[in-house]
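Below: the structure, in structure tokens.
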């Protein structure tokens, strides 16, 4: 049996197929916003690790996911961004409020 040779298309015709592709801009490869980029090693007492693992199991998540969530929640809390001066001012304001309430209660008696 004799092998059949394929007829090649003229070289100009072959290149024209790729002209459209050459006109397209190259794709932008950006990582997804939730892509994990860094592994962080952290030392913690065995008892704390056991608590983390127990809570993670009860919530049906991995210990890493739980720790990421706790860290994010802690950073998002407003008190995490308070300076010592702001904290002192807040405590002084609370103390004045407590003193005013105590004074009102004394005057009612």
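What are the pairs with Cβ atoms under 7 angstrom where one residue, in segment 33-57, is assigned by TED's automatic domain parsing to the domain that holds residue 70 and the other, located anywhere, is in a helix (DSSP H, G or I)? Sequence gap at least six, or different chains.
52/63; 52/66; 52/67; 53/63; 55/66; 56/63; 56/66
Being in a loop (DSSP other than H, G, I, E, B), closer than 17 Å to residue 62 by Cβ and modelled with pLDDT of 70 or more is the filter here; which residues of segment 25-49 pass it?
Correct list: 35, 36, 38, 39, 40, 41, 42, 44.
When you check residue 92 against the structure, is it without any contact (Cβ under 8 Å) to a residue 40 or more places away in the chain and farther than 30 Å from residue 41 by Cα, yes or no?
Yes; evaluated as a whole, the condition is true for this residue.
The values are calculated or read from the model by the stated rules, or taken from the named source; none is laboratory data. In this text, all values refer to a predicted model and were calculated from it rather than measured experimentally. Cβ coordinates were reconstructed from backbone atoms using ideal geometry, including for glycine residues, and neighbour counts include every protein chain displayed.
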